[in-house]
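Each remark here refers to the structure printed beneath this line.
Coordinate-derived values only; no laboratory data. None of the values given here were measured: they were computed from a predicted structure. Cβ: placed from backbone, ideal geometry, glycine included. Neighbour counts: every protein chain shown.
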């Protein structure tokens, strides 16, 4: 006998993608995620393409993965997708030492984070326009 299938954690109109151990701090990643949260995926991709932040390229690839998951795995309409949730959680911190004067050492912290994106299919409102 095999295991029973796990129930879906998301609603039927949602798709998710996760990027783990990104080599940036969670605080810097949240600045990029705040830019795209609540936007349509077309506008979010355009904003990420022209952003000067280093993390924007990683988030753009993650958003494209979430769009592909929505289209191929969950049969959602790509034209109606909106970035519903965007979170950056703190992950492990690599600790290194840098040699300093008179035999001392300075600690260098290299933080990482986990980024999660949830896209959802939104139906157009009748009074918009």
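Computed quantities for the displayed model
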item: Fewest-first sequence of 2, 57, 65 by Cβ atoms within 10 Å of each Cβ; result: 2, 57, 65
item: In degrees, nearest ten, helix 56-72 long axis to first principal axis of the chain (Cα); result: 30 degrees
item: The chain: most fluctuating residue of 44, 11, 26 per GNM, C-alpha cutoff 10 Å; result: 11
item: 102, 30, 107 arranged by Cβ crowding within 10 Å, fewest neighbours leading; result: 102, 107, 30
item: Reported label for calculated Cα extents along the principal axes in Å given [x] 35, 32, 26; [y] 70, 53, 20; [z] 47, 32, 24; result: [y]
item: Nearest-ten-degree value, helix 26-36 long axis tilted from longest Cα axis of the chain; result: 30 degrees
item: Burial ordering of 122, 95, fewest other beta-carbon atoms within 10 Å first; result: 95, 122
